[in-house]
Amino acid sequence: MTRLVHWERKLAEFHKVAFRRPFVWGQSDCCLTASDGVMAITGIDTGARFRGAYCDMAGGYRAMRDFSGGGVAETIAALMAENHWPEVPVLMARRGDVGLVPSGLPGAQAEAAAICLGPHWATQGENGLINLPIKAGLRAWRI
């Protein structure tokens, strides 16, 4: 799959919108925020089947389990495989790639979905995006 024309500008626009957007299950949680970033650069909504399907943590985890048989890591891996986006070494991640990072949200699973914004990963935090260094990534996929 190829990136859209002017994907760099679209990724920057995504970042501007998501930067201070609060965490809301089923709207702007880590998986849907990463999906928003992917949609900005590819036009593909990897989170379409999840949008509006849950409104709390239990519902989110149930939706992931129903889709992939697991949690965040399994769901991201399944979505990436579904779109034929290969896993790459974390330190090879480039702008727009998807990653799995340690979660910083209380009560959440240990991992969170993220999007690479150059020298760092951006993942959804309680009050907007949280930046983590590339080396903090656990897994990465080339978009």
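The values are calculated or read from the model by the stated rules, or taken from the named source; none is laboratory data. Being a predicted model, the structure only gives us computed values, none of them experimental. Neighbour counts run over all protein chains shown; Cβ positions are idealised from the backbone, glycine included. For accessibility, only protein heavy atoms count, side chains too; no ligands or nucleic acids. Shrake-Rupley method; radii C 1.70, N 1.55, O 1.52, S 1.80 Å.
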Open item on the list: I need a count of the residues in region 55-77 that are assigned to a loop (DSSP other than H, G, I, E, B) and over 26 Å from LEU117 (Cα atoms).
Closed with: 4
Task: Residue that is nearest to the chain's Cα centre (by Cα) [pool: residues in region 28-54 that are in a loop (DSSP other than H, G, I, E, B) and farther than 20 Å from SER68 by Cβ] - done: SER28
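Let's see how each residue does on (1) of a type in the set (A, V, I, L, M, F, W, C); (2) touching a residue at least 40 places away in the same chain (Cβ under 8 Å); (3) out of contact with any helix residue (DSSP H, G or I) (no Cβ under 9 Å at 6 or more places or on another chain); (4) open to solvent by 30 Å² or more (accessible area, probe 1.4 Å):
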| position | (1), (2), (3), (4) |
| --- | --- |
| LEU11 | yes, yes, no, no |
| ARG20 | no, yes, yes, yes |
| GLY26 | no, no, no, no |
| THR42 | no, yes, no, no |
| ARG51 | no, no, no, yes |
Task: Top-ranked residue of region 1-27 - restricted to ones that are basic (Lys, Arg) and assigned to a helix (DSSP H, G or I), ranked as farthest from ALA81 (Cα to Cα) - done: LYS16
TODO: Evaluate region 124-134: report whether one residue or more is open to solvent by less than 10 Å² (accessible area, probe 1.4 Å), in a strand (DSSP E or B) and of a type in the set (S, T, N, Q).
DONE: yes
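If a residue must be under 22 Å from GLY70 (Cα atoms) and surrounded by fewer than 24 Cβ atoms within 10 Å (Cβ to Cβ), how many such residues does region 101-123 contain?
The total comes to 10.
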TODO: Could you tell me whether region 78-100 includes any residue that is in contact with an Asp or Glu (Cβ under 9 Å, 6 or more places away or on another chain), assigned to a loop (DSSP other than H, G, I, E, B), open to solvent by 30 Å² or more (accessible area, probe 1.4 Å) and not charged (D, E, K, R)?
DONE: no
